[in-house]
Amino acid sequence: MGKILWRLLSCTFFIILLSLLFKVTAGYHPSKTFILRIDSESKPSVFPTHYHWYTAHFVHPTRLLHLYDTVFHGFSALLTPQQLSSLSHHPSVLAVFEDRRRHLHTTRSPQFVGLRNHRGLWSQTDYGSDVIIGVFDTGIWPERRSFSDSNLGPIPHRWKGSCDTGVRFSPNNCNRKLIGARFFSKGHEASGTLFNDTVEFLSPRDADGHGTHTASTAAGRYVFEASMAGYASGVAKGVAPKARLAMYKVCWKNSGCYDSDILAAFDAAVNDGVDVISMSIGGGDGISSPYYLDPIAIGSYGAVSRGVFVSSSGGNDGPSGMSVTNLAPWLTTVAAGTIDRDFPAEVILGNGRRLSGVSLYSGVPLKGRMFPLIYPGKSGVLTDSLCMENSLDPDLVKGKIVVCDRGSNPRVAKGLEVKKAGGVGMILANGISNGEGLVGDAHLLPACALGANLGDEVKAYISSSENPRATIEFKGTVVGIKPAPVVASFSARGPNALNLEILKPDLAAPGVNILAAWTNAVGPSGLESDTRRSEFNILSGTSMACPHVSGAAALLKSAHPDWSPAAIRSAMMTTATVLDNTNREMVDQATGNGSTPYDFGAGHLNLAHAIDPGLIFDITNDDYVMFLCAIGYRPRVIQVITRSPPKCPRRRPSPENLNYPSFVAVLPASSSSRRLSLLSKTFFRTVTNVGEPNSVYWVRVEMEAEGLTVTVRPSRLVFSEAVKKRSFVVTVTGDAGKLVLGEAGAIFGSLSWTDGKHVVRSPMVVTQAQPL
């Protein structure tokens with residue numbers, strides 16, 4: 001027996017050695033996934049389909065992952081460096097980019113954005129029952145009550161999608177509410193990421209919870225007696241409760257979302273017949289790729305050019321400036337704000353001080369008992385202060401409340417580390433970067449999050465006290481919080497890193513402590529060790545804000561079927577509010593100071609007025625092509641995005657003249673411009689009357705700054721039955737000697753048109769930059 005085993009081991013070793021030797025001598029290089037944009041018009045007629053052409057001339061069929069033919073022409077495949085080099089020089093290949101991994105940007109909110117039962121946008125659209133929302137996310141838990149098809153009519157006849165079969169998922173899981181469910185895993189699998197079938201489902205079923213949450217936020221049905229362990233109890237519902245849902249699973253638990261799979265989902269969704277795409281996904285790496293190298297920008301252009309509205313999250317890298325992602329002007333990019341509901345908790349120190357924070361802890365309370373208080377960060381070791389995995393000493397932590405700094409690892413994971421080390425509670429302290437912005441978490445032990453100032457106070461108390469002690473009290477759910485909305489501290493900020501002339505984000509929507517449906521595969525903390533199960537969960541992020549806008553777009557599409565994606569965005573932006581519920585301008589959660597259009601775009605979503613905006617700024621496909629010409633893209637580069645070669649004018653147009661519902665005047669800041677007394681920028685805009693046919697609108701400009709003047713010609717727009725479009729010119733002039741930019745490097749204001757009933761408001765930004 002021993003000899004047989006020895007021979008087997010020897011043979012195995014010999015085979016491995018030969019394999020390695022072959023790879024070395026053959027110049028072996030590992031394959032990677034690449035996406036190739038092909039000029040489809042150059043296909044030789046001898047090939048019946050593009051698939052036959054691609055597999056005969058470009059790549060072996062076994063190496064082909066996805067074939068794209070709707071929003072994008074080309075394919076994704078596993079390629080060696082030699083194959084990549086050869087294909088990159090093929091005359092029919094317009095562009096090649098490596099597959100990248102994206103990340104998720106991780107209810108009372110419908111009322112907070114102006115929706116009311118039996119009147120307004122809900123009643124006028126039958127709650128969006130004829131509109132289809134496609135959600136790109138982690139999948140869906142179809143059994144949740146939020147996805148019931150009770151009392152829904154037939155599936156819209158235009159629907160051509162499918163319900164994929166997979167692990168714990170079959171066509172029977174779809175219904176008249178969840179009308180489609182597909183999954184895209186080839187890019188994920190080709191990346192070399194191991195598929196863990198003990199925590200993930202190779203099917204549209206949601207193992208993470210994020211997709212179930214975003215889908216029900218956009219279009220969840222009315223669910224009575226909804227709550228997360230007693231928090232936020234009441235009736236849960238999405239923004240468009242009767243809209244149909246189609247889930248496109250492109251993100252995988254703990255593995256992110258790959259561009260090649262996202263692009264395949266765009267292709268499928270547009271072919272299937274969705275009206276709206278909701279995508280709470282972005283880069284998250286601090287780098288904004290040019291549009292022609294960004295599959296999300298390319299795929300979304302293909303969708304928007306076919307009349308599909310695409311809503312995207314702006315990212316969670318705030319409050320740092322220039323952190324917003326998903327910047328393409330055809331995308332609607334969403335920031336996050338608070339609502340007027342909170343989950344307060346208090347830290348009570350041994351000196352009697354009561355410090356206000358937030359928590360979603362639902363277990364056994366501390367019942368007023370005081371415990372020793374410790375801050376591991378006193379050691380000066382960063383991992384200790386952050387309560388990273390295996391960083392805490394049980395001898396120091398056992399039986400104590402532990403102060404952990406926010407950052408690096410998940411907030412709930414810090415609590416788990418404290419619990420594993422024997423701690424009885426946790427105080428989660430914000431740092432300077434998060435400021436005073438707080439979000440609730442379903443912690444596994446008694447825990448409370450505090451803002452940066454109060455966190456510092458707790459640490460100072462520990463340092464100055466011989467016997468520091470504390471306890472935590474939980475206050476449940478409180479509504480009617482003022483001020484609200486407030487721009488969330490984590491919400492990514494402008495300006496636009498690719499094109500300053502396009503203001504991003506576009507608008508803000510509820511994204512803090514949002515109650516929505518949840519998977520049954522994992523507990524509300526998302527930790528594998530969390531054995532709790534909940535039908536609903538409370539999450540925060542621009543991921544939660546994005547589906548609010550997606551649901552809103554579905555309602556507006558239902559009310560105005562002939563409106564383009566740009567018209568729908570315009571209606572939301574020009575009716576958005578910049579005031580909170582105290583009738584003051586919105587503040588920034590991170591600092592407590594006033595916020596700006598770099599934080600919230602046009603303002604916070606307000607659907608009470610969006611159904612009847614008065615005027616809209618529409619944008620055609622040709623307008624977007626002219627914008628790409630304006631920013632200096634060559635025709636062959638533009639074709640990567642638009643699929644057909646453009647005709648750019650000899651005289652390059654100005655990017656600020658895209659018919660956007662906002663104005664950003666970028667004045668020159670070079671040394672030569674300082675010698676000029678006056679700097680100016682001119683905008684051309686056209687508005688379409690969608691209100692009463694015979695209307696007269698007057699302009700109002702609000703921008704007070706020394707050395708700055710704004711003129712609008714004409715100052716009055718007259719519409720009639722015959723005249724539905726009017727153009728106007730805005731000129732911004734700055735005195736170089738007197739112009740003083742604010743702390744954000746800009747001056748902010750607004751331009752509004754009003755007829756006495758409607759107020760069509762556009763944000764204005766004046767900034768300076770070195771000319772390229």
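Bear in mind that the values in this text are calculations on the coordinates, not laboratory data. Because the structure is predicted, anything quoted here is derived from the model rather than measured. Ideal geometry is used to build each Cβ from the backbone, glycine not excepted, and the neighbour counts take in all protein chains shown.
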- Item | the chain, helix-only ellipticity at 222 nm - DSSP H runs n ≥ 4, -39,500 (n - 2.57), divided by all residues, nearest 500 | -6500 deg cm²/dmol
- Tell me, what ³J(HN,Hα) does each residue in region 66-82 have, in order and in whole Hz, if you take phi through Karplus 6.51 cos²θ - 1.76 cosθ + 1.60 with θ = phi - 60° and put x for Gly and Pro? 10, 10, 10, 8, 10, 7, 7, 10, x, 7, 10, 7, 7, 10, 7, x, 5
- Query: Can you give the Rg and Dmax of region 407-508 based on its C-alpha atoms, in angstrom?
  - Reply: 17.5, 57
- Item | Packing-based order for 443-453, 723-733, using average beta carbon neighbours within 10 Å, highest first | 443-453, 723-733
- Cut-off 15 Å between beta-carbons: net charge of the residues surrounding residue 42, Lys and Arg +1, Asp and Glu -1: +1
- Residues meeting the amide H criterion for residue 745 (H placed from the backbone, H to H distance under 5 Å, 5 or more places apart or on another chain) are none
- residue 520-residue 90 pseudo-label distance in nm [points 7 Å out on the Cα-to-Cβ vector]: 4.7
- Message: Considering only C-alpha atoms, what is the centroid distance from region 593-664 to region 225-281, in Å?
- Response: 26
- Item | Phi-based couplings in Hz for region 253-266 (Karplus 6.51, -1.76, 1.60; Gly and Pro marked x) | 3, 6, 10, x, 9, 9, 3, 4, 6, 4, 5, 5, 5, 4
- Task: Stick to Cα atoms and the Kirkwood definition of Rh, then tell me Rg/Rh for region 236-361.
- Result: 1.10
- Applying the Karplus parametrisation 6.51 cos²θ - 1.76 cosθ + 1.60 with θ = phi - 60° to the phi angles of region 240-252, what ³J(HN,Hα) value in whole Hz is obtained for each residue in order, glycine and proline being reported as x? 10, x, 9, 5, 7, 10, 10, 9, 10, 7, 10, 10, 10
- Query: Can you list the equivalent-ellipsoid semi-axes of region 599-687, largest first and in whole Å, using the square root of 5 times each Cα gyration tensor eigenvalue?
  - Reply: 27, 24, 12
- Item | Using a Förster distance of 22 Å, the FRET efficiency for residue 432-residue 482 (Cβ separation, nearest 0.05) | 0.30
- Counting Lys and Arg as +1 and Asp and Glu as -1 over every other residue whose Cβ sits under 11 Å from the Cβ of residue 687, the net charge comes to +3
- Could you order peptides 84-91, 179-186, 342-349 by the average number of other Cβ atoms within 10 Å of their residues, highest first? 179-186, 342-349, 84-91
- When the chain is fully extended, how far beyond the present Cα-Cα distance does residue 464 get from residue 757, taking 0.36 nm per residue of separation? 99.4 nm
- Item | Net lengthening on full extension, residue 735/residue 356 (0.36 nm per residue, minus Cα-Cα) | 131.7 nm
- Query: Separation between the residue 723 and residue 706 pseudo-spin-labels, each 7 Å from Cα along Cα→Cβ, expressed in nm?
  - Reply: 4.1
- Volume per residue that the Cα convex hull of region 552-628 spans, once the total is divided by residue count, Å³: 118
- Query: How many nm is it between the label spots at residue 529 and residue 684, if each spot is 7 Å from the Cα in line with the beta carbon?
  - Reply: 6.4
- Where does the chain land on the Kirkwood hydrodynamic radius, alpha-carbon pairs, in angstrom? 27.7
